[in-house]
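Data first, discussion second: the structure below is written as structure tokens.
The values are calculated or read from the model by the stated rules, or taken from the named source; none is laboratory data. Computed from a predicted structure; not experimentally measured. Here the Cβ positions follow ideal geometry from the backbone for every residue, glycine too, while neighbour counts run over all protein chains shown. For the accessible areas, the whole protein counts, side chains as well, though only heavy atoms, and no ligand, DNA or RNA atoms are used. Shrake-Rupley method; radii C 1.70, N 1.55, O 1.52, S 1.80 Å.
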Amino acid sequence: MTKGKQYYIQFFVSSRNCDGHQPCHSDAMGLAFSDTLYREAVIGGAEQIPPFTPAVQNPAGKILNDTLNWMEISGCYTATGTEQYAIIGSFKTSANTQSEGCFGVTGSYYYVDDVGVYGFDPLPDTLVLCEGGSRTIGKSFLDATYSWNTGAADSILTINQEGRYIVNATLGNCVFSDTVVVLENDKQLSLLPADTLLCEEEELDLSIPLPGTYLWSDGSGSNQISIVEDGAYTVEIQNDCGVFNHSFEVATETCGCNVYIPTAFSPNGDGNNDVLQCYMGCDFPYQGIRFEVFDRWGGLVYSNKSSEINSIVWDGTFKGKALDPGVYAWFFEYEYIRNGTVNHKTISGEVHILR
């Protein structure tokens with residue numbers, strides 16, 4: 001079974017007694033799943049309760065009492081992905097079993113028929129819509145009734161535009177749901193990368209959502225690719241709408257943001273190196289977030305939360321009083337924008353006050 005997939009479980013059961021007497025009827029029948037084959041011998045009539053939690057079971061208070069026909073036991077189940085075997089039997093102790101027609105739950109046996117485990121998966125995860133075309137999605141599922149997020153109430157739906165489509169199928173007390181993302185082929189092709197400039201050691205990660213088969217110029221057959229070197233790149237995409245080719249150039253250059261903060265300054269009023277200032281050279285738009293200085297005990301002695309880097313100017317005082325010479329720790333937080341992405345950076349260091 002597939003992890004996370006929804007299943008409808010159904011089987012029929014009937015009670016019999018081999019000596020012609022009234023059989024014992026109970027509500028202790030169910031079906032459980034296991035990842036290993038379960039065997040347990042019944043010794044001396046001892047009660048044997050399989051060590052599993054049933055996926056479906058008799059509804060509470062519904063006792064199997066029709067020995068001529070069959071009782072349906074059904075329900076819905078979401079798989080964990082480890083299921084290999086289905087076990088049908090009693091998953092209740094005598095104390096928890098409701099029964100009729102006999103003393104205890106022994107003396108009768110059951111017939112089981114028409115066991116079915118039906119997976120609900122009518123829609124693909126992703127579907128491509130060709131230019132000017134339409135697609136029909138969905139399929140019937142047993143005797144379910146249907147509702148789409150578009151308002152439609154049939155098992156199938158004809159679509160002619162991209163979007164997210166959700167179908168709900170109701171079967172008894174179970175409600176199943178499935179979703180498909182529909183993409184317009186031409187629109188997605190128009191979003192493929194144009195010529196791109198990368199900084200050295202920067203990586204360009206591409207993920208193309210269109211379903212189909214892929215062939216990149218480096219031989220890769222995935223819809224995802226990571227580019228770290230400059231050069232010409234081509235990709236061929238083949239899907240239900242045809243075969244499409246796209247090419248683009250990637251160039252690299254040395255770029256980045258460099259922050260310079262002096263390691264010492266002498267706030268003695270002589271006009272030389274009297275303040276601590278922050279200098280920044282950056283190839284991209286940037287702004288400061290906060291610059292803070294702490295004494296050796298961790299006390300905050302200076303804070304600047306302006307976005308303007310040039311406003312970071314500290315004269316070596318705290319609350320108007322000159323601080324003692326020594327080592328102070330600083331912390332700088334800033335961000336810059338590269339290819340539309342905000343990059344968050346934090347750096348730290350030390351500065352000496354000299355008097």
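Observations on the structure shown:
- DSSP bridge orientation in the chain - percent antiparallel, rounded to nearest 5: 90 percent
- Each part gets one Cα centre, and for the stretch 149-209 versus the stretch 312-355 those centres are 47 Å apart.
- Taken about its Cα centre, the stretch 290-338 carries a charge dipole of about 80 debye when Lys and Arg each add +1 at the Cβ and Asp and Glu each add -1 at the Cβ.
- More than 35 angstrom apart: percent of Cα pairs within the chain: 60 percent
- Only helical runs count toward this figure. For the chain, summing -39,500 (n - 2.57) over DSSP H runs of n ≥ 4 and dividing by all residues gives -500 deg cm²/dmol at 222 nm.
- To put it simply, the accessible area of the stretch 200-355 at a 1.4 Å probe is 46 percent carbon and sulfur.
- Difference of contour (0.36 nm per residue) and Cα-Cα distance, V342 to S217: 42.0 nm
- Size check on the stretch 74-157: the Cα extents along the three principal axes, sorted descending, read 71, 29, 22 Å.
- P(r) of the stretch 181-226 over all Cα-Cα pairs, binned every 10 Å from zero, in whole percent: 21, 51, 24, 3
- Accessible area expressed per residue, the stretch 237-355, with surrounding protein chains retained (probe 1.4 Å, Å²): 59 Å²
- Rounded accessible area of L191 (nearest 10 Å², 1.4 Å probe): 120 Å²
- Residues in the stretch 150-164 reached by a label modelled at N239 [backbone nitrogen below 12 Å; 7 Å Cα→Cβ]: 162-163
- Neighbour net charge for G288 - beta-carbon separation under 13 angstrom, K R +1, D E -1: -1
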